[in-house]
Amino acid sequence: MVDIHNDILIKEVINQKGFIDTQVDPSLDLFLEIEKLKKEKNAIILAHYYQEPDIQDIADFLGDSLALSQKAATTEADIILFAGVHFMAETAKILNPNKKVILPDLKAGCSLSDSAPPELFKLFKLKHPNHTVITYINCSAGIKAQSDIICTSSNAISIVESFPKNHPIIFAPDKNLGAYINKVTNRNMILWDGACMVHEIFSLEKILKLKIRHPKAKLLSHPECEEPILAISDYIGSTSELLKYSQVDTSNEYIIATETGIIHQMQKNSPNKTFMAAPPNSNCACNNCPYMKLNTLEKIYLCLKYELPELLMDEHLRIAAIKPIEKMLALSKHLLK
Ligand code: 13P
Ligand code: SF4
């Protein structure tokens, strides 16, 4: 455990460990303390819908990956605390080289991002020359730097459709999202073989049984899910699209096939409706993203207090990675949240 009151506290130690490992007085009102620190430091908390409910509630801005990158591109705060995962904080840093970007736990990675190591991707691209590379934002800066344009699940179809029908495209790293876009847009993009561990854990058999027990429940799924789940879904969309659908649709019961964090907002916005998390394959809570859930209120408090751990980035990498992100933002202005 790092002794925060000791001079040994150095940025490198914290950044090596990934988070500040120290005790927080359990009697502290963390909501109040976090509010105070935010004001004092002109800091903003950006949070993804997959964060735990308390974190969603203290966030200054809550959104899906697209909305969060749009907000990160325009914020005037001096410090951005990213309550999400590493690739999201990295995107914020790429867009804000002069701001301090902090992440409560640097080890909050992403299985999808990990499924595309930059060195292997370089070789994959060499095998498919003359292809435009469209990359899902859930990837490292090293992959972004090798891409022509980035997309998120909210704008993926419109980004792909901005290219002519027969244009040769590599889509990475999510093969499920890629296959879904291929089907919807009637294309044949070459897919990188990556996936999200959370969205691949849902059990078709258990969902079908749940649908029998709740015949009126609609299945709402994220396009990172596998095809058999998407095939029986009533609606497919990004996190924010699923949330919106659950608000405007007239049904009363829903089965949600994405990370469970979104159910907090669905329930808040539609208190009289019933939301059930789609069951995973084993008797685990694997529909909770283990990376997103590394962030806690205590870690957010310590992260804001000590402005650590900080996300740092090589400037050459940042310059290479910003171009495809800016292209996406320019093409997504009509989808501004
Ligand atoms: P969206 O925020 O685009 O819905 O993506 C979900 C996700 O997996 C984020 O890690
Ligand atoms: Fe990555 Fe999946 Fe977690 Fe999103 S839910 S951060 S894609 S592992």
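A few remarks follow.
- Boolean, Ile58 is in contact (Cβ under 8 Å) with a residue 12 or more places away in the chain, under 22 Å from Asp29 (Cα atoms) and in contact with an Asp or Glu (Cβ under 9 Å, 6 or more places away or on another chain): yes
- Subset of region 185-198 [buried (at least 19 other Cβ atoms within 10 Å of the Cβ) and outside any loop (DSSP other than H, G, I, E, B)]: Leu191, Gly194
- Condition check for Ile80: closer than 19 Å to Ile34 by Cβ and in contact with a Cys (Cβ under 7 Å, 6 or more places away or on another chain): no
- Residue among Ser240, Ser251, Ser246 that is more than 13 Å from ligand 1 (Cβ to nearest atom), of a type outside the set (A, V, I, L, M, F, W, C), surrounded by 19 or more Cβ atoms within 10 Å (Cβ to Cβ) and farther than 30 Å from Leu120 by Cβ: Ser246
- In region 267-309, residue nearest to ligand 2 (Cβ to nearest atom) [restricted to those that are of a type in the set (Phe, Trp, Tyr) and in contact (Cβ under 8 Å) with a residue 60 or more places away in the chain]: Tyr291
- Scanning region 55-69 for residues that are over 13 Å from the mean Cα position of the chain (by Cα) and closer than 20 Å to Tyr136 by Cα turns up nothing.
- Flag for Asn182 being without any contact (Cβ under 8 Å) to a residue 12 or more places away in the chain and surrounded by fewer than 17 Cβ atoms within 10 Å (Cβ to Cβ): no
- So Ile150, is it in contact (Cβ under 8 Å) with a residue 24 or more places away in the chain, buried (at least 23 other Cβ atoms within 10 Å of the Cβ) and within 15 Å of ligand 2 (Cβ to nearest atom): yes
- Residue count, region 199-234 (criterion: acidic (Asp, Glu) and in a loop (DSSP other than H, G, I, E, B)): 4
- Note on region 1-99: enclosed helices (runs of 4 or more DSSP H) holding 2 or more residues that are within 16 Å of ligand 2 (Cβ to nearest atom) and modelled with pLDDT of 95 or more are 53-58, 86-95.
- Ser233 being over 19 Å from the mean Cα position of the chain (by Cα), crowded, with 22+ Cβ neighbours inside 10 Å and within 15 Å of ligand 1 (Cβ to nearest atom): no
- Single residue of Ile207, Ile190 found to be more than 29 Å from Leu126 (Cβ to Cβ) and of a type in the set (A, V, I, L, M): Ile207
- Of the residues examined, Leu312 is one that is away from ligand 2 (no atom under 16 Å from the Cβ), exposed (fewer than 13 other Cβ atoms within 10 Å of the Cβ) and under 21 Å from the mean Cα position of the chain (by Cα).
- Filtered residues of region 142-160 (kept if closer than 27 Å to Tyr50 by Cβ and either more than 16 Å from ligand 1 (Cβ to nearest atom) or of a type in the set (D, E, K, R) (or both)): Gly142, Lys144, Ala145, Gln146, Ser147
- Within region 285-319, the set of residues being within 18 Å of Asn98 (Cβ to Cβ) and touching a Leu at 6+ places or on another chain (Cβ under 6 Å) comprises Leu311 only.
- Each residue in region 179-196 was checked for being away from ligand 1 (no atom under 14 Å from the Cβ) and not basic (Lys, Arg), and 11 pass.
- Residues of region 254-272 that are surrounded by fewer than 16 Cβ atoms within 10 Å (Cβ to Cβ) and charged (D, E, K, R): Lys268 alone.
- Options Ala92, Ala83: the member that is under 21 Å from Ile20 (Cβ atoms), surrounded by 23 or more Cβ atoms within 10 Å (Cβ to Cβ) and within 11 Å of the chain's Cα centre (by Cα): Ala83
- Of residues in region 100-125 being part of a helix (DSSP H, G or I) and within 16 Å of ligand 2 (Cβ to nearest atom), the one farthest from the chain's Cα centre (by Cα): Asp114
The values are calculated or read from the model by the stated rules, or taken from the named source; none is laboratory data. Because the structure is a prediction, the values reported are computed rather than measured. Using ideal geometry, Cβ is built from the backbone for each residue, glycine included, and neighbour counts are taken over all protein chains shown.
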